Amino acid sequence: MSLLALGINHESAPVAVREKVVFDTTNTQQALQNLLSIKAVKEAAVLSTCNRTEIYCRTEDDDVQTIIDWLHQYYNLSPNEITPYLYTHSNRDAIVHMMCVASGLNSLILGEPQILGQMKDAHSNAVNANTLDRVLTRLFQHIFKTAKQVRTDTSIGSSPVSVAFAAVALAKKIFGDLSEQTALMIGAGQTIELASRHLNEAGIKNIIVANRTVGKAHELADLFQGYAITLEDLPKHLNEADIVISSTASPIPVLGQGTVQTALKKRKNKPMFMVDIAVPRDIEEEVSELDDVYLYTVDDLQEIIQENQKSRENAAEEAREIIEQQADDFLLWLNSLDVNPLIHQLRQRCMNTKEEALEKARKQINNGDDPLNVIETLANQLTNKLIHTPSAELRHAGEHGQSEIIDAAKVLFKLPSNSGKS
């Protein structure tokens, strides 16, 4: 049995590569069930965010190439198209990696809290797809416990940094005072809500929320005294926006070069700052070619993010110590699975021996034999039967110099270390 984790993230691959292998609500369940059709794969889950796509599996062997081949085939990619960008981990390294991811240690923003919720979503999606069994279910629960301990016992989350925070920090560098600016927020998920809160705290007074479901857009806009529009209304209102932050789950761009160019003409070429946090991208790459547009993707926020990571680095070291210990604890449980059937067999054999001895003793008592003599005989016979095989095997080990068996017996039966000497 092997545990495998493989994937790509913001460090191993640019956004143009990451957007080729995105799992979303429309294809996750199908993909997981398809993955489990591989004979060697026994359990599976996938984590897919704007910064990473990762596959977690329990397999009969450690043939990770089979999973890589499946990924290429599932997304109809040419052989090795994404292989150079992939990283892989197995067994203990896979456990440590998943714990680091859930704790925010591998995030673009060190220690960001959103990833734990996304890891829980990955678990829920796998549960719904019926692709989890005993091992990965236990592992996910252990990971959630570990991430909570990291949050509680370290200061990893003490600084308010996130992709949303970095986007707003960049807007403040460009515009200075945001009180006179208008922000257009595309999407209504957690990242957009967080960015809206940061903008509101920075003094912005005008917020427009665009979303495919206008009801969710209204809910978010009402929090900041803004107003809501549908995605179809974007061309009508884009010219009002000085700041555009977009994070939707759309498989295709929601803003194209032509739409932005038209908005700029209405603005009389007044500059527009745009941040595309989505993967796949919400804003066509060609928009960056337009004058008076400052377009940034999640990859472009790296410099700001690094400045905010410094205060968390010491906490990250403490977190890694917790994770190493928790990984060892999980491995103890995992290793015990191999010996549990053996313990069951041993217990069953002893129970059978006991029942045979008891049945014989009952017959003797029913025949009128002295109960005290029957009990003494039962104890002697039961003892002799239980120690017969171990004694015979130890004698054979001694005759053939098999010291490892003798040493194991001392541990199993808690015998003194000098018990083998005369």
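Nothing in this text is a laboratory measurement; each read-out follows from the coordinates by a stated rule. Fair warning: this is a prediction, and the values are worked out from it, not measured in the lab. Note: ideal-geometry Cβ built from the backbone for every residue, glycine included; neighbour counts use all protein chains shown.
Sort the following peptides by mean Cβ neighbour count (other Cβ atoms within 10 Å, averaged over residues), highest first: 163-175, 274-286, 250-262. Show your work: numbers first, answer last.
Numbers: 163-175: 21.0, 274-286: 23.0, 250-262: 16.8.
Packing proxy ranking, top to bottom: 274-286, 163-175, 250-262.
At q = 0.15 Å⁻¹, what log₁₀ I(q)/I(0) does a Debye calculation on the Cα points of region 163-310 give, no solvent, two decimals?
-0.68
Any chance you could list the semi-axes, whole Å, largest first, of the equivalent ellipsoid that the Cα gyration tensor gives for region 39-153, using √(5λ)?
Numbers: eigenvalues 113, 58, 33 Å².
Its equivalent ellipsoid spans semi-axes of 24, 17, 13 Å.
Apply the Karplus parameterisation 6.51 cos²θ - 1.76 cosθ + 1.60, with θ equal to phi minus 60°, to every residue of region 75-81 and state each ³J(HN,Hα) to the nearest whole Hz, in sequence, with x for glycine and proline.
Whole-Hz 3J(HN,Hα) from phi for region 75-81: 9, 6, 9, 5, x, 6, 5.
Output ³J(HN,Hα) for region 82-94: one whole-Hz value per residue in order, computed from phi by the Karplus curve 6.51 cos²θ - 1.76 cosθ + 1.60 with θ = phi - 60°, and x for Gly and Pro.
Calculated HN-Hα couplings, in order: 10, 3, x, 9, 7, 10, 9, 9, 10, 6, 4, 4, 5 Hz.
Can you give the calculated 222 nm mean residue ellipticity of the chain, where each DSSP H run of n ≥ 4 adds -39,500 (n - 2.57) and the sum is split over every residue, rounded to the nearest 500 deg cm²/dmol? Write down the numbers at each step before the final one.
Values: 15 runs with 219 residues, N = 422.
After summing the helix terms and dividing by residue count, I get -17000 deg cm²/dmol.
Evaluate the distance, in nm, between pseudo-label points positioned 7 Å from the Cα of residue 307 and of residue 404 along their respective Cα→Cβ axes.
The modelled label-to-label distance comes out at 6.0 nm.
What ranking do 97, 237, 400 get, fewest neighbouring Cβ atoms within 10 angstrom at the top?
On the way: 97 24, 237 15, 400 9.
Fewest-to-most Cβ neighbours within 10 Å comes out as 400, 237, 97.
What FRET efficiency do you get for residue 415 and residue 292 if R0 is 56 Å and r is their Cβ-Cβ distance, rounded to the nearest 0.05?
Values: r = 84 Å, r/R0 = 1.50.
E(calc), rounded to 0.05, equals 0.10.
Each residue of region 99-115 in turn: what ³J(HN,Hα) in whole Hz from Karplus with 6.51, -1.76, 1.60 and θ = phi - 60°, glycine and Pro shown as x?
Along region 99-115, the couplings run 5, 5, 4, 5, 8, x, 6, 10, 7, 4, 9, 4, x, 5, x, 4, 5 Hz.
Given the Cα-Cα distance of residue 212 and residue 395 and 0.36 nm per residue of separation, how much length would full extension add, in nm? The partial results should precede the final answer.
On the way: separation 183, 0.36 × 183 = 65.88 nm, distance 7.77 nm.
Full extension from residue 212 to residue 395 adds 58.1 nm.
Just one of (i) 23.5, 72; (ii) 31.0, 113; (iii) 22.9, 94 is Rg and Dmax of the Cα atoms in Å as worked out from the coordinates here. Which one is it?
(ii)
Can you tell me the order of 36-42, 103-109 when each peptide is scored by its average per-residue count of other Cβ atoms within 10 angstrom, highest first? Let's see the in-between values first.
Working: 36-42: 14.9, 103-109: 24.7.
Ranked from most to least packed, the peptides come out as 103-109, 36-42.
Please arrange 83, 88 by how many other C-beta atoms lie within 10 Å of their C-beta, fewest to most.
Listing 83, 88 from fewest to most nearby Cβ atoms yields 83, 88.
Using 0.36 nm per residue, how much length does the chain from residue 321 to residue 130 gain when fully extended, once their Cα-Cα distance is taken away? Spell out each step's value before the answer.
Working: separation 191, 0.36 × 191 = 68.76 nm, distance 3.31 nm.
Answer, rounded to one decimal: 65.4 nm.
Starting with the fewest neighbours, write out 333, 70 ranked by other beta-carbon atoms found within 10 Å of each beta-carbon. The partial results should precede the final answer.
Working: 333 12, 70 18.
Arranged by neighbour count, lowest to highest, 333, 70 become 333, 70.
So, in Å, what gap is there between the alpha-carbon centers of region 190-236 and region 328-350?
55
Hey, with R₀ at 41 Å, roughly what FRET efficiency would residue 387 and residue 138 work out to, going by the Cβ-Cβ distance, to 0.05? Before the final figure, lay out each step's value.
On the way: r = 36 Å, r/R0 = 0.88.
The value I calculate is 0.70.
Ranked highest first by average number of other Cβ atoms within 10 Å, how do 404-416, 178-190 line up? It would help to have the intermediate numbers written out before the result.
Numbers: 404-416: 11.8, 178-190: 21.5.
Ranking, from highest mean packing down: 178-190, 404-416.
Go ahead and run the numbers for FRET between residue 352 and residue 38, Cβ-Cβ distance against an R0 of 51 Å, rounding to 0.05.
Values: r = 40 Å, r/R0 = 0.79.
About 0.80, to the nearest 0.05.
Over the chain, what is the percentage of antiparallel beta bridges among all DSSP beta bridges, to the nearest 5?
Taking every DSSP beta bridge with both residues in the chain, the antiparallel ones total about 45 percent.
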